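What follows is a single structure, written as structure tokens, with notes after it.
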Amino acid sequence: ESLRAVNITKDVEIAARVEWAGSSETRRRGLLGRDHIDADEGMYIVPTQWIHMFGMRFPIDVAFLASDGRVLFIHHKLRPNRFSRPVWRAEGALELAAGTLEATGTAVGDVIELK
């Protein structure tokens, strides 16, 4: 079962199908092994304050969210074989297709709801 990610500050859907990665196994696997992510897909990795892109085959957008859904930091088009910046107050990381956050106008301070 997947969730929807909605930027409630801007009233725009960010992703129609978001996978919840809340177990140790799903957090470790993340998007590894895939060769792409569809424009309407995402993954919420929780809990985490940083991610790595080692073994990834494509860039992604990443929004680090506080426990209330507020966007604390954004990486646009984070490339393979890189680390994200650590965001110590983050509850988790919403991983999306590259370009999604810019296309939806999502910015630091916006609130994203997963439902």
Failed condition for Glu25, given (1) more than 13 Å from the chain's Cα centre (by Cα); (2) part of a loop (DSSP other than H, G, I, E, B):
(2)
Evaluate the following for Asp68: is it surrounded by fewer than 17 Cβ atoms within 10 Å (Cβ to Cβ), more than 24 Å from Trp88 (Cβ to Cβ) and out of contact with any Lys or Arg (no Cβ under 7 Å at 6 or more places or on another chain)?
no
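One line per residue, one yes/no per condition, for (1) over 12 Å from the mean Cα position of the chain (by Cα); (2) under 23 Å from Asp110 (Cα atoms):
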| site | (1), (2) |
| --- | --- |
| Trp20 | no, yes |
| Arg29 | yes, no |
| Leu32 | yes, no |
| His36 | yes, no |
| Tyr44 | no, yes |
| Thr48 | no, yes |
| His75 | no, yes |
| Arg85 | yes, yes |
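One line per residue, one yes/no per condition, for (1) out of contact with any Leu (no Cβ under 9 Å at 6 or more places or on another chain); (2) over 17 Å from Thr100 (Cα atoms); (3) surrounded by 20 or more Cβ atoms within 10 Å (Cβ to Cβ):
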| position | (1), (2), (3) |
| --- | --- |
| Arg4 | no, no, no |
| Thr9 | yes, no, no |
| Thr26 | yes, yes, no |
| Asp40 | yes, no, no |
| Thr48 | yes, yes, no |
| Pro59 | no, no, no |
| Ala63 | no, no, yes |
| His76 | no, no, no |
| Arg82 | yes, yes, no |
Any residue at all in region 37-47 that is out of contact with any helix residue (DSSP H, G or I) (no Cβ under 8 Å at 6 or more places or on another chain), touching a residue at least 60 places away in the same chain (Cβ under 8 Å), closer than 15 Å to Asn7 by Cβ and not small (Gly, Ala, Ser)?
yes
Just the residues that are touching a residue at least 40 places away in the same chain (Cβ under 8 Å), open to solvent by 40 Å² or more (accessible area, probe 1.4 Å) and in contact with a Phe, Trp or Tyr (Cβ under 9 Å, 6 or more places away or on another chain), please, taken from region 96-115.
Ala98, Leu114
Could you look through region 84-93, keep only residues that are within 20 Å of Gly22 (Cα to Cα) and of a type outside the set (Val, Ile, Thr), and pick out the one that is most open to solvent (accessible area, probe 1.4 Å)?
Trp88
Which of the residues that make up region 57-105 are in contact with a helix residue (DSSP H, G or I) (Cβ under 8 Å, 6 or more places away or on another chain) and of a type outside the set (A, V, I, L, M, F, W, C)?
Asp61, His76
In region 74-95, residues that are on the phi < 0 side of the Ramachandran plot and not in a strand (DSSP E or B) total 11
Complete set of residues in region 50-73 that are in contact with a Ser or Thr (Cβ under 7 Å, 6 or more places away or on another chain) and either hydroxyl-bearing (Ser, Thr, Tyr) or not in a loop (DSSP other than H, G, I, E, B) (or both):
Asp61, Val62, Ala63, Val71
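The values are calculated or read from the model by the stated rules, or taken from the named source; none is laboratory data. The model shown is predicted, which means the values in this text are computed figures rather than measured ones. Please note: Cβ atoms are built from the backbone with ideal geometry, for glycine as well, and neighbour counts cover all protein chains shown. These area figures cover heavy atoms from the full protein model, side chains too; ligands, DNA and RNA do not enter into them. Shrake-Rupley method; radii C 1.70, N 1.55, O 1.52, S 1.80 Å.
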